[in-house]
Amino acid sequence: MYRDRIGLTSLWGKVVGAEEAAMHIKDGMVVGMSGFTRAGDAKVVPMALAERATEEKLKITLMTGASLGSDIDKTLAQAGCLSRRIPFQADPTLRKSINAGEVMFVDQHLSETVEMLRSRQMAPIDVAVIEAVAITPEGGIIPTTSIGNSASFAILAEKIIVEINLHQSLDLIGLHDVYIPTRRPHREPIPLVTPSDRIGLPYIPVDPSKIAAIVITEKNDSSANIAPADAETKAIADHLIDFFRQEVRKGRIGTSLLPLQAGIGSIANAVLGGFIDSPFHDLSMYSEVLQDCTFDLFDSGKLKFASGSSITLSGPRGKEVFGNIGKYKDRLVLRPQEVSNHPEVIRRLGLICINTALEADIYGNVNSTHVNASMMMNGIGGSGDFARNAYLSVFVTKSMAKDGRISSIVPMVTHVDHCEHDVDIIVTERGLADLRGLAPRERANLMIEHCMHPDYRDLARDYLKDALGRGGHTPHVMERAFEWHLAFQRTGSMLPLAKAAE
């Protein structure tokens, strides 16, 4: 019975259908929705909103934690319901609208969105739509499989719509740790000194009078699309594990390493999974998204605790984990993303951060977001929060894409998300480049010889030779810096036609 999940009996009369609840959202409003990387997103009110948008003028600014599942971004984009989207997305249909200029996309570091809301640097939230497992007797909202920005959205919004998801297990209660940083300029330090610390509440504290509607749902989170590890991702993991062995031998870190963070996606998931067969033990994680590899590491006995902002799993792994969440619950915590991604905490804990690059250049600059300078993929997400403040900032990528027609290591990236100053280690299946303490000229040789695929090395050596002839601290040949990208646009391959035909 859904009433068992609504502890404040005065809210029972607020239960309505999704269409009626969605009527609280008007044209031009700013709407904050729960959801962080396909986990814990509101699922039925957005669809009712999209249906209305096909019949009347209805455009909103949509803020979330990160990407949404259940085809929500796709459906809202197709309905023409989105005028602005913040701060991250991963849907091909919405991406097309963004790159066509139909939806204004604000690509933000994930730690910054609610900071800007709280200081009124962005328009305030009119309505928050939050998925919950239950409501406490005091009116507190207990999130489901993510927190993301949900807590601050609900606290700052004029109105709140709660989607209570009966499919989500009540065993999730107690998993969350909702801490809201105090306001500037006299903000107190966030009192987190280990990943396992709990410093907040197990629910989102709100004024229950702001809850305008409650909708009952039973829809699953969307499963993560995680490709299995392959020979190349295994090679990347092996290179990284060998590097950590050397760091241990040099006395820089211990066999428990330091708390690990890994970005979302198949490569990062596979690389972190490589730690199962490593000599390291008693590992901990302080990350944003907890993926399949987190629970594989738990089951292997390698991982002792994991802190994140969401749990995003593949279909089979999700059934196993959420069907037995009690097995892991005392070793897990979910936090608001402004805490999971907070620079102060990341710097204090000394994280080893492993994120994925679309491309990197020979000097260590990393592009995480754009194809050929202009076309947005998903967004920077939390990678910048972690890279700038990490003990070790690691970026991983396969050395080539599109069957070898694209080199992921190039003379100059067409868009810089992480500048050379924030990048310590770059790893491909070809090898690892430790860029710490190196000048640009030293970095370039290391990147070419250790990380670049052999098919492209001669081209890169030729470019670097000419660049060195021009001189400079960071040598470049301006008129040739993007010749590989331009060749791909003209011919479909970065390789010269003769070499591509071999």
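The values are calculated or read from the model by the stated rules, or taken from the named source; none is laboratory data. From a predicted model like this one, the values you see are computed outputs, not experimental measurements. A quick note on method: Cβ atoms are made from the backbone with ideal geometry, for glycine too, and the neighbour counts reach across all protein chains shown. Ligands, DNA and RNA are stripped out before the accessible areas are found, and what is left, the full protein with its side chains, is counted by its heavy atoms. Shrake-Rupley method; radii C 1.70, N 1.55, O 1.52, S 1.80 Å.
Miscellaneous remarks
- Single unsatisfied condition, residue 95 versus (1) under 19 Å from the mean Cα position of the chain (by Cα); (2) over 16 Å from residue 374 (Cα atoms); (3) in contact (Cβ under 8 Å) with a residue 40 or more places away in the chain: (2)
- Neighbours by Cβ (under 6 Å, 6+ apart or cross-chain): first from the range 1-26, closer than 20 Å to residue 47 by Cβ; second assigned to a helix (DSSP H, G or I): 18/45; 18/48; 19/48; 21/45; 22/45; 22/48; 22/49; 25/49
- Helices (runs of 4 or more DSSP H) completely within the range 13-131 that count 1 or more residues being surrounded by fewer than 20 Cβ atoms within 10 Å (Cβ to Cβ) and in contact with a helix residue (DSSP H, G or I) (Cβ under 6 Å, 6 or more places away or on another chain): 18-22, 45-53, 72-78, 92-99
- Test: residue in the range 426-441 that is of a type in the set (Ser, Thr, Tyr), within 30 Å of residue 286 (Cα to Cα) and touching a His at 6+ places or on another chain (Cβ under 9 Å): yes
- Every listed requirement among (1) open to solvent by less than 70 Å² (accessible area, probe 1.4 Å); (2) in a loop (DSSP other than H, G, I, E, B); (3) not polar (S, T, N, Q) is met by residue 484 save one, (2).
- Of all residues making up the range 309-335, the number that are among the small types (Gly, Ala, Ser) and assigned to a helix (DSSP H, G or I): 3
- Within the option set 438, 432, 349, being in contact with a strand residue (DSSP E or B) (Cβ under 6 Å, 6 or more places away or on another chain) and among the hydrophobic types (A, V, I, L, M, F, W, C) holds for one residue only, 349.
- The set of residues in the range 209-262 being of a type in the set (S, T, N, Q) and free of Cβ contacts under 8 Å to residues at least 24 places away in the same chain consists of 209, 246.
- Residue within the range 371-390 that is surrounded by fewer than 23 Cβ atoms within 10 Å (Cβ to Cβ) and touching a Pro at 6+ places or on another chain (Cβ under 8 Å) present: yes
- Only listed residue being under 22 Å from residue 149 (Cα atoms), open to solvent by 20 Å² or more (accessible area, probe 1.4 Å) and modelled with pLDDT under 95, chosen from 265, 174, 200: 265
- Test: residue in the range 391-398 that is open to solvent by less than 10 Å² (accessible area, probe 1.4 Å), hydroxyl-bearing (Ser, Thr, Tyr) and closer than 25 Å to residue 284 by Cβ: yes
- Residue, farthest from residue 231 (Cα to Cα), within the range 390-409, restricted to residues that are out of contact with any Asp or Glu (no Cβ under 6 Å at 6 or more places or on another chain) and of a type in the set (A, V, I, L, M, F, W, C): 390
- Residue 189 passes every criterion in (1) open to solvent by 80 Å² or more (accessible area, probe 1.4 Å); (2) part of a helix (DSSP H, G or I) apart from (2).
- Qualifying residue in the range 280-292 (condition: over 24 Å from residue 253 (Cβ atoms), open to solvent by 10 Å² or more (accessible area, probe 1.4 Å) and of a type outside the set (S, T, N, Q)): yes
- Criterion: in contact with a Leu (Cβ under 9 Å, 6 or more places away or on another chain) and buried (at least 18 other Cβ atoms within 10 Å of the Cβ) - qualifying residue of 346, 352: 352
- Residues of the range 218-237 that turn out to be farther than 17 Å from residue 40 by Cβ and not small (Gly, Ala, Ser), as a count: 8
- Cβ-Cβ under 9 Å pairs, at least 6 apart or on other chains, the range 410-429 side touching a residue at least 24 places away in the same chain (Cβ under 8 Å), far side among the basic types (Lys, Arg) and open to solvent by less than 10 Å² (accessible area, probe 1.4 Å): none
- Any pair with Cβ under 8 angstrom, 6 or more apart, that starts in the range 143-165 at a residue that is more than 14 Å from residue 21 (Cα to Cα) and at pLDDT 95 or above and ends at one that is open to solvent by 10 Å² or more (accessible area, probe 1.4 Å) and polar (S, T, N, Q): 144/168; 145/168; 146/37
- Restricting the range 206-238 to residues that are more than 19 Å from residue 292 (Cβ to Cβ) and part of a loop (DSSP other than H, G, I, E, B), the residue that is most open to solvent (accessible area, probe 1.4 Å) is 218.
For (1) open to solvent by 70 Å² or more (accessible area, probe 1.4 Å); (2) modelled with pLDDT of 95 or more; (3) assigned to a loop (DSSP other than H, G, I, E, B), each residue gets a yes or a no:
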{"position": "421", "(1), (2), (3)": "yes, yes, no"}
{"position": "426", "(1), (2), (3)": "no, yes, no"}
{"position": "436", "(1), (2), (3)": "yes, yes, yes"}
{"position": "446", "(1), (2), (3)": "no, yes, no"}
{"position": "459", "(1), (2), (3)": "no, yes, no"}
{"position": "472", "(1), (2), (3)": "no, yes, yes"}
{"position": "479", "(1), (2), (3)": "yes, yes, no"}
{"position": "498", "(1), (2), (3)": "yes, no, no"}
